[in-house]
Amino acid sequence: MKQNNKIIIHFFGLLLLFNGGFMLLAALLSFMYSDGATNQLVLSGISVLVIGFLAMIFTKNHSKEMTKRQGYIVVAFGWVVMALSGTLPYILTGSITNFTNAFFETISGYTTTGASILTDIEVLPKGVLFWRSLTHWIGGMGIIVLAIAILPLLGIGGMQLFAAEAPGPSTDKLHPRITDTAKRLWLIYVGYTAAETLFLKLAGMSFFDALNHSMSTLSTGGFSTKNDSLAHWNDSPMIQYIVVFFMFLAGTNFVLSYFGFKGNFSKIFKDEEFKLYAKFIIVFSVISAFVVYYNSAFSMSSSFDHPMVFGAVEAAFRHGLFQVVAIVTTTGFVSADFTIWPHFLVVFFFGLMFLGGSSGSTSGGVKVVRHLVLIRNGFLEFKRALHPNAVLPVRYNAKSISGEIVFNVLGFFMLYMLSFIVGALGFSFIGLDFESAIGVAASSLGNVGPALGEFGPAQNFHQMPLMGKWWGSFLMLIGRLELFTVLILLTPFFWRKS
């Protein structure tokens, strides 16, 4: 059957309208702060709006039905379209003049990775910094989910898109209509962002810094308005605890937040993924804080010019907790350069890059529920070896999981590890040392941000070779869209006529 490409172009036009509108929002903030970048941001927004408008006008006679194949194309290439258009504010303002660098920064924003090529963030115009945080915020819940909330206005069904975009192995719908689900998720997302902004402002941040860090937190992105990231506020523990709390929420399934607001707390505390997620955070934070406290010779943030020795239990606990939550949720904020901590913690945090937050959250990584299924299936293999004729299904939330889902999880994990190995080989091929290659591969694929070696928390990705930035951009994209959505486009059978 011949594909109707008009609906794909039409949807790209819709995405560009969203992007252009957010650029004008950044221009408005730029005007309010008189940072000198207003005209360029307005030009960026209008240019993207015009292209998007023309794309929608010329494809207005598109099909009203979107196939699953078209859904995958729209999701995968939609992110590329967003990233390409999102480079304009950087290039036109002169904040980033090199296109490769601008694309890397933009795709890092939309995929909520937080890896940056900028060497001095604080000199940028506030409008550009706000746009940088907006790319996180848009990508956090997914521009696709945002868009399908209004697709009924266009007469297009959006279930295919939600299935391809929604993070995690399953999508627990809040409402029978998928568009209503998207609206509820975005309402929670906006509400959390506003709440964190308020709390950070009350804790001592400026409104601008509070707003930007809230957008980065809820998207589990990690872009900051300060060169030192959250280490800039090492003397303000309350600010860091607030960020930790909202990072934890952002790494939790947003569906559970909905149930919490409805007063159905039993649904939350009975959820096995949430319980394991919380246990991981607690246990790993205690381990990290213990090692930090008993290695008081290490400076908490020597690379950030915030000298601080592990003297107090509270400081050790806070920094250990902060880094564990930041890496598990793949937010990537840093309160210290953890690569100068004891080698045990460096390896420990590297392992946490493969964990990820909950399904249905804005986190990247493998996701806790997949680890839960893998662990339970692994233990059941021992029982099956002793009782080969027994029927022993994997159970999750008191329900049996079909073999198809178990195979999907196993397949995903194998593909994830294979992608990591190939990713690391790619980085080593272009000249990165072993530690840097495996660190950047794990960080990019898991959308974490800070890596190891030459690309740790105290450094950035500016010195990454040209090909490394494009390779890293690809890994960030497939990691954000959970591998299958992008990699399926590389298979020959996907493009065969059915």
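The values are calculated or read from the model by the stated rules, or taken from the named source; none is laboratory data. None of the values given here were measured: they were computed from a predicted structure. In this analysis, Cβ positions are derived from the backbone assuming ideal geometry, glycine residues included, and neighbour counts consider all displayed protein chains. SASA here: full protein model, heavy atoms, side chains in, ligands and nucleic acids out. Shrake-Rupley method; radii C 1.70, N 1.55, O 1.52, S 1.80 Å.
Per this entry, ALA278 is not counted among residues that are small (Gly, Ala, Ser), modelled with pLDDT of 90 or more, assigned to a helix (DSSP H, G or I) and within 30 Å of GLU122 (Cα to Cα). Here's a check for you: in segment 342-355, which residue that is part of a loop (DSSP other than H, G, I, E, B) and at pLDDT 90 or above is farthest from GLY453 (Cα to Cα)? Within segment 342-355, the match that is farthest from GLY453 (Cα to Cα) is LEU355. Of all residues in segment 335-351, at least one satisfies being of a type in the set (Gly, Ala, Ser) and open to solvent by less than 20 Å² (accessible area, probe 1.4 Å). Within segment 448-469, the set of residues being of a type outside the set (A, V, I, L, M) and more than 21 Å from HIS136 (Cβ to Cβ) comprises GLY453, GLU454, GLN463, PRO465, GLY468. Scanning segment 40-92 for residues that are more than 24 Å from the chain's Cα centre (by Cα), hydroxyl-bearing (Ser, Thr, Tyr) and modelled with pLDDT under 95 yields THR59, SER63, THR67. Residues that are outside any loop (DSSP other than H, G, I, E, B) and open to solvent by 10 Å² or more (accessible area, probe 1.4 Å) within segment 465-478 comprise LEU466, MET467, LYS469, TRP470, TRP471, PHE474, LEU477, listed in sequence order. Of all residues in segment 107-119, those that are assigned to a loop (DSSP other than H, G, I, E, B) have Cβ atoms under 9 Å from Cβ atoms of residues that are acidic (Asp, Glu), 6 or more apart or on another chain, in ALA115/GLU105; SER116/GLU105; ILE117/GLU105; LEU118/GLU105. Does segment 234-251 include one or more residues that are open to solvent by 30 Å² or more (accessible area, probe 1.4 Å), free of Cβ contacts under 8 Å to residues at least 12 places away in the same chain and not in a loop (DSSP other than H, G, I, E, B)? Scanning segment 234-251 turns up at least one residue that is open to solvent by 30 Å² or more (accessible area, probe 1.4 Å), free of Cβ contacts under 8 Å to residues at least 12 places away in the same chain and not in a loop (DSSP other than H, G, I, E, B). No other residue among GLU404, GLU482 is of a type in the set (Asp, Glu) and within 23 Å of the chain's Cα centre (by Cα) apart from GLU482.
Would you say SER303 is of a type in the set (Ser, Thr, Tyr), open to solvent by 10 Å² or more (accessible area, probe 1.4 Å), in a loop (DSSP other than H, G, I, E, B) and at pLDDT below 90? Judged against the criteria, SER303 is not a match. Selection over segment 93-123 of residues that are of a type in the set (Asp, Glu), open to solvent by 20 Å² or more (accessible area, probe 1.4 Å) and either under 20 Å from GLY479 (Cβ atoms) or touching a Ser or Thr at 6+ places or on another chain (Cβ under 8 Å) (or both) gives a count of 1. Residue check: TYR90 meets all listed conditions (1) touching a residue at least 24 places away in the same chain (Cβ under 8 Å); (2) open to solvent by less than 10 Å² (accessible area, probe 1.4 Å); (3) within 28 Å of ALA182 (Cα to Cα) but one, namely (3). Selection of segment 385-417 for residues being surrounded by 14 or more Cβ atoms within 10 Å (Cβ to Cβ) and assigned to a helix (DSSP H, G or I) yields ILE405, VAL406, ASN408, VAL409, LEU410, PHE412, PHE413, LEU415, TYR416. Of the residues making up segment 180-193, those that are within 18 Å of THR362 (Cα to Cα) and open to solvent by less than 60 Å² (accessible area, probe 1.4 Å) are THR181, ALA182, LEU185, TRP186, ILE188, TYR189, GLY191, TYR192, THR193.
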